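Everything on this sheet refers to the single structure shown next.
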């Protein structure tokens, strides 16, 4: 056909999409973004398996040791919404190079820490730097790939977000069991070296726009730090500190309120608000954000509850627990080759709805646990959950950008990713209180059914006393049995509640609009 259009290089455009395909350096940049997001999400949970060992070696109590995990999460949630502004200020490549370099340094600091203060400083730094790597991975896909190839890049990004939290306990458990807990941090060094090389090759240098400093919404920036930081700490530590009985929680709540007030002030009075919260008034994007909360709730909630169950009821070690959690990542590997095709062909409402239903179903499958249940009982539910996660996350990623103007996509990405992580924080806070309440409830109900004058109970206790050498030991065994059964019933309740809450978000899919053909994720 004469007169066929050609690209600048003289080659005909891609016949399927009518556009030129991305070159090798673009895919290198996408690989860098995916690796960075994987690293950041992995480090959220990689220390969970090693936490008891770390606490012992640095002289931290159980309550103090939780800050090793909390410090990372707080810093990450604060920085994620700020990433779009930082990218505009510094340029994408400069921001990522600074973040990865500093992340390496803070990882080394954590690895050599001998006291709690040093460890918390290192984990906070890791969270700040790692948090910038998550939403910017979506930015790289948008900037470096043409629209018809962006579903492939988004599939890579979605897979890393799913795999990071499920690989963390496995990698951390293996390193702790076979080498040392220090390597849970030192393993980041060679990965960061590769990541830096990919960033230098794949991303062009962009000039910094320092005028953003003078035009910045400083009230909004301070509000984000105080509001999100305070809220996350309150959610993480509230139950342990007995909520508002603690002066710490009362002060942090006040800080949170002041922070969100400053953020709202910036929304109305700043020329360029640091984060466009008005996007949440968009019916489609608001629905996406709510569903992101639900996905984060189940993803982080399940990775919190299952290890607890396996450690308390089944006596699993860190590595065995990590292997059970990892089953949730298997569907991401299996679906990876077909995800770009699914994104192009399946209606977003059907895909997200199916994903959310599968996530809810995975919770309901785990509502028949017994004291004899081991890790194998979670295989089916973890596979179903993984399939639901990858479907819902992939299409919600697409809906995040498609539901707002192109200029607002960076802010939308920050809000979406922060909402997912906040869902995890809400889940952990609620689960801690809910578990205590339900364990007490089930224990009391079982005790009420035991009649001290019952012949059967007396015979049972007499038999135990003869076997164990005394009635005191027999009573202790009975109390332990009641507590164990109360734990099991509580975990069944937890999965039921997570399933019901997830199902409650499914009707929100009606607010999603079908994705346009060859939807572009361009942020400019």
At q = 0.20 Å⁻¹, what log₁₀ I(q)/I(0) does a Debye calculation on the Cα points of segment 217-273 give, no solvent, two decimals? -0.63
Under the classification rounded if a/c is under 1.5, otherwise prolate if a/b is larger than b/c and oblate if not, where does segment 320-378 fall, given a ≥ b ≥ c as square roots of the Cα gyration tensor eigenvalues? oblate
Residue 244 to residue 448: extension gain in nm, 0.36 nm per residue of separation minus the Cα-Cα distance? 70.3 nm
Treating the angle as unsigned and between 0 and 90°, give the value, to the nearest 10°, between the Cα long axis of helix 218-237 and the longest Cα principal axis of the chain. 20
Take every Cα pair under 8 Å in segment 20-214 that's 6+ residues apart, average their separations, divide by the length, and report that relative contact order as a whole percent. 44
With axes computed from alpha carbons, what is the tilt in degrees of helix 188-202 against the longest principal axis of the chain, rounded to the nearest 10 within 0 to 90? 20
For a quick size check, give me the Cα extents of the chain along its three principal axes, largest first, whole Å. 97, 49, 47
Å³ per residue enclosed by the Cα convex hull of segment 177-234: 148
FRET efficiency (residue 208, residue 25; Cβ distance; R0 22 Å; to 0.05) is 0.55
Taking R0 as 45 Å, what's the FRET efficiency between residue 200 and residue 180 from their Cβ-Cβ distance, rounded to 0.05? 0.90
Enumerate the residues in segment 287-320 having an amide nitrogen under 19 Å from the point lying 7 Å beyond the Cα of residue 380 toward its Cβ. 306, 310
Quick check on the exposure proxy: order 380, 177 from fewest to most C-beta atoms within 10 angstrom. 380, 177
With Cα coordinates, the longest principal axis of the chain makes an angle with the long axis of helix 24-45, in degrees rounded to 10, of 20
Kindly provide log₁₀ I(q)/I(0) values, in the same order as q = 0.13, 0.14 Å⁻¹, from the Debye equation applied to equal alpha-carbon scatterers of segment 277-524. -0.83, -0.92
What does the extension gain come out to for residue 311 and residue 218, with contour length at 0.36 nm per residue minus their alpha carbon separation? 28.9 nm
Starting from 0.36 nm per residue, how many nanometres of slack lie between residue 465 and residue 193 once their C-alpha separation is accounted for? 91.7 nm
Per the 1/(1 + (r/R0)^6) rule, R0 = 35 Å and r from the Cβ atoms of residue 367 and residue 345, FRET efficiency to 0.05 is 0.55
Could you list the residues of segment 192-230 with an amide nitrogen less than 16 Å from a label point located 7 Å from the Cα of residue 271 in the Cα-to-C-beta direction? 209-220
Would you calculate, for the chain, the mean residue ellipticity at 222 nm contributed by helices, counting each DSSP H stretch of 4 or more residues as -39,500 (n - 2.57) and dividing by all residues, to the nearest 500? -24500 deg cm²/dmol
In what order do 107, 247, 433 fall by count of nearby beta-carbon atoms within 10 Å, going from fewest to most? 247, 433, 107
Specify whether the C-alpha gyration tensor of segment 148-275 places it in the rounded, prolate or oblate class, a ≥ b ≥ c being the square roots of the eigenvalues: rounded for a/c under 1.5, otherwise prolate if a/b is larger than b/c and oblate if not. oblate
Going from the alpha-carbon gyration tensor of segment 198-355, what semi-axes, largest first and in whole Å, does one get by taking the root of 5 times each eigenvalue? 34, 29, 18
Check: C-alpha center segment 144-204 vs C-alpha center segment 266-317, spacing in Å is 21
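Just so you know, all these numbers are worked out from the coordinates, no wet-lab data involved. Small disclaimer: the values here were computed from a predicted structure and weren't measured. Neighbour counts run over all protein chains shown; Cβ positions are idealised from the backbone, glycine included.
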